[in-house]
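What follows is a set of notes on a single structure, which appears directly below.
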């Protein structure tokens, strides 16, 4: 179960046992994409390739529509999801930007400016 | 006898490897980062380590959710560069030191640190980017490398305290190896960064600076930091910093800080780097 103190941290999903169980097949699908031949097969027919994995309907939709935060909520871990981004030819920062609700350009601009500040981002209680 | 002469802490951001491999190291965005490692390159060329113990984490490259070892030691003769989804980095193969690695595995397990022994493993950017930063682009890595992989992806990772004590056990293992070897230990990952969720992009320079200060002056204090503080203050991926405490635990109580470098950003990450030398004797 999620350790309660971690739930107080805003905009952050702790990849604990519960999330790992929820996202096991989603993450293992992503893991399969580290093989070049699998990337080719996936890109040729995404839906058909996904049939090989026991994803839930929600997970499947989130993958096909590249809804990153949705995948995160459904148990995806960022290092595994990064394999999916890589199969699209995109860097991890693209995925982070999407999760932050920013365009890649605005995200890169925020980072060059020193990143997201910690003040105001420590706790949901403010 | 083998001896640990110094410890090095460094970030291991994948984008740094990509920038180097694509010949972008002179671009204004990347140039300050590579320049920040130049003094270390000069230092390490003089230091001539025989073996590097490289503490890092695998990023879903060799290990997946199928098997999640908390601490794993690479005992193979050689480790290939992993394909992380965009093709393997074109870097030299990493040559291990099988005798020392097996000696360490045995010593650590009998010292009650239950290592997973790995005889086949590809190594990802977590291991190869630090080597590129301190040695540059070379035909072959100039020393042997023993990979020591730590789980920091699946919660819970080992605590900072456990990591610090593992470092102390590593020192006992090295110092009970008969061959004369100059050993360096690298702790990698961090510093503050968060790659996921709506808080992605978090950077906390005050925390990072305090952590670097503590490495030199108060490692016992750092070792008491609980996991939630890392996640809250340094970001969900900032918890990689516990791996630096393995490096620190393997050094003397009092060390000399030879060099420090800090830069924001490399992609989503605060780049931190420190060189700490044992005083010897």
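When you scan region A:46-67, do you find a residue that is at the interface with chain B (Cβ under 10 Å from one of its Cβ atoms), touching a helix residue (DSSP H, G or I) at 6+ places or on another chain (Cβ under 9 Å) and buried (at least 21 other Cβ atoms within 10 Å of the Cβ), even just one?
Of region A:46-67, the ones at the interface with chain B (Cβ under 10 Å from one of its Cβ atoms) are none.
Among the residues of region A:46-67, not one is at the interface with chain B (Cβ under 10 Å from one of its Cβ atoms), touching a helix residue (DSSP H, G or I) at 6+ places or on another chain (Cβ under 9 Å) and buried (at least 21 other Cβ atoms within 10 Å of the Cβ), which makes the answer no.
Hand me the list of helices (runs of 4 or more DSSP H) wholly inside region B:189-258 holding 2 or more residues that are at pLDDT 95 or above and out of contact with any strand residue (DSSP E or B) (no Cβ under 8 Å at 6 or more places or on another chain).
So the answer is B:205-217, B:219-223.
Could you list all residues from region A:83-93 that are more than 7 Å from chain B (Cβ to nearest Cβ) and either crowded, with 20+ Cβ neighbours inside 10 Å or more than 13 Å from residue B:85 (Cβ to Cβ) (or both)? Before the answer, list the steps.
Step one: list which residues in region A:83-93 are more than 7 Å from chain B (Cβ to nearest Cβ), which gives A:84-85, A:88-90.
Hits for region A:83-93 are A:84, A:85.
Are any residues in region B:228-278 without any contact (Cβ under 8 Å) to a residue 24 or more places away in the chain and within 14 Å of another protein chain (Cβ to nearest Cβ), and if so, which ones?
B:228, B:229, B:231, B:232
Only one of B:81, B:25, B:64 is within 20 Å of the chain's Cα centre (by Cα) and free of Cβ contacts under 8 Å to residues at least 24 places away in the same chain. Can you tell me which? Don't jump to the end; show me each part of the working.
Values: B:81 fails: free of Cβ contacts under 8 Å to residues at least 24 places away in the same chain; B:25 fails: within 20 Å of the chain's Cα centre (by Cα).
Unique residue meeting the criteria: B:64.
Out of all the residues in region B:175-212, which are over 18 Å from residue B:165 (Cα atoms), more than 14 Å from chain A (Cβ to nearest Cβ) and surrounded by 15 or more Cβ atoms within 10 Å (Cβ to Cβ)?
First, the residues of region B:175-212 that are over 18 Å from residue B:165 (Cα atoms): B:177-183, B:189-210, B:212.
When the remaining residues are screened for being more than 14 Å from chain A (Cβ to nearest Cβ), the result is B:177-183, B:212.
B:177, B:181, B:182, B:183, B:212 - these are the residues of region B:175-212 that are over 18 Å from residue B:165 (Cα atoms), more than 14 Å from chain A (Cβ to nearest Cβ) and surrounded by 15 or more Cβ atoms within 10 Å (Cβ to Cβ).
Looking only at region B:217-226, decide whether some residue is crowded, with 18+ Cβ neighbours inside 10 Å and closer than 28 Å to residue B:48 by Cβ.
Restricting attention to region B:217-226, the residues satisfying the condition of being crowded, with 18+ Cβ neighbours inside 10 Å are B:219, B:222-223, B:225.
Still in the running and closer than 28 Å to residue B:48 by Cβ: B:219.
Looking through region B:217-226, at least one residue is crowded, with 18+ Cβ neighbours inside 10 Å and closer than 28 Å to residue B:48 by Cβ.
Which of the helices (runs of 4 or more DSSP H) found entirely inside region A:1-116 contain at least 3 residues meeting this: touching a strand residue (DSSP E or B) at 6+ places or on another chain (Cβ under 9 Å)? Before you say what the answer is, go through the steps one by one.
Details: elements: A:4-7, A:17-22, A:24-32, A:36-44, A:46-50, A:57-64, A:68-73, A:78-87, A:92-100, A:104-112.
Hits in region A:1-116: A:104-112.
Only residues that are part of a loop (DSSP other than H, G, I, E, B) and touching a helix residue (DSSP H, G or I) at 6+ places or on another chain (Cβ under 6 Å): list them for region B:114-135, please. Please lay out each step first, then the result.
Start the filter on region B:114-135 by keeping residues that are part of a loop (DSSP other than H, G, I, E, B), which leaves B:114-115, B:119-122, B:124.
B:115 - this is the single residue of region B:114-135 that is part of a loop (DSSP other than H, G, I, E, B) and touching a helix residue (DSSP H, G or I) at 6+ places or on another chain (Cβ under 6 Å).
Residue by residue through region B:62-74, note down the ones that are in contact with a helix residue (DSSP H, G or I) (Cβ under 6 Å, 6 or more places away or on another chain) and within 14 Å of chain A (Cβ to nearest Cβ).
B:64, B:65 - these are the residues of region B:62-74 that are in contact with a helix residue (DSSP H, G or I) (Cβ under 6 Å, 6 or more places away or on another chain) and within 14 Å of chain A (Cβ to nearest Cβ).
Enumerate the pairs (first residue in region B:38-61 and closer than 22 Å to residue B:177 by Cα and more than 14 Å from chain A (Cβ to nearest Cβ); second residue anywhere and assigned to a helix (DSSP H, G or I) and at pLDDT 95 or above) with beta-carbon separation below 7 Å, excluding pairs fewer than 6 apart on the same chain, so at least 6 apart or on different chains.
Partner pairs satisfying both residue conditions: B:51/B:100; B:53/B:170; B:54/B:127; B:54/B:130; B:55/B:243; B:55/B:246; B:55/B:247.
Report, by residue number, each residue of region B:152-168 that is surrounded by fewer than 21 Cβ atoms within 10 Å (Cβ to Cβ) and outside any loop (DSSP other than H, G, I, E, B).
Scanning region B:152-168 gives B:161, B:162, B:165, B:168.
Taking only region A:1-40 into account, find how many residues are farther than 18 Å from residue A:62 by Cβ, buried (at least 16 other Cβ atoms within 10 Å of the Cβ) and more than 7 Å from every other protein chain (Cβ to nearest Cβ).
Selection size over region A:1-40: 2.
Given the conditions (1) within 14 Å of chain A (Cβ to nearest Cβ); (2) in contact with a helix residue (DSSP H, G or I) (Cβ under 6 Å, 6 or more places away or on another chain); (3) touching a residue at least 60 places away in the same chain (Cβ under 8 Å); (4) surrounded by fewer than 22 Cβ atoms within 10 Å (Cβ to Cβ), which single one is not true for residue B:111?
Status for residue B:111: all satisfied but (1).
Being facing another protein chain (nearest Cβ under 10 Å) and without any contact (Cβ under 8 Å) to a residue 12 or more places away in the chain is the filter here; which residues of region B:213-227 pass it? It would help to see each step written out before you state the result.
Taking region B:213-227 first, the residues facing another protein chain (nearest Cβ under 10 Å) are B:226-227.
Of everything in region B:213-227, nothing turns out to be facing another protein chain (nearest Cβ under 10 Å) and without any contact (Cβ under 8 Å) to a residue 12 or more places away in the chain.
Name the residues in region B:169-188 that are in contact with a strand residue (DSSP E or B) (Cβ under 9 Å, 6 or more places away or on another chain), under 24 Å from residue B:123 (Cβ atoms) and either modelled with pLDDT under 95 or not in a loop (DSSP other than H, G, I, E, B) (or both), would you? Outline the logic, then answer.
Step one: of region B:169-188, the residues in contact with a strand residue (DSSP E or B) (Cβ under 9 Å, 6 or more places away or on another chain) are B:170-171, B:174-175, B:177, B:180-188.
Filter again for under 24 Å from residue B:123 (Cβ atoms), leaving B:170-171, B:174, B:177, B:181-188.
Correct list: B:170, B:171, B:174, B:182, B:183, B:184, B:185, B:186, B:187, B:188.
Can you tell me which residue in region B:13-35 is surrounded by the most Cβ atoms within 10 Å (Cβ to Cβ), limited to those that are away from chain A (no Cβ under 13 Å) and either closer than 30 Å to residue B:174 by Cα or touching a helix residue (DSSP H, G or I) at 6+ places or on another chain (Cβ under 6 Å) (or both)?
Top of the filtered list is B:20.
The values are calculated or read from the model by the stated rules, or taken from the named source; none is laboratory data. What you see is a predicted model, and the numbers here were worked out from it, not measured in a lab. Quick reminder, even Gly has a Cβ in these numbers, built from the backbone with ideal geometry, and neighbours come from all protein chains shown.
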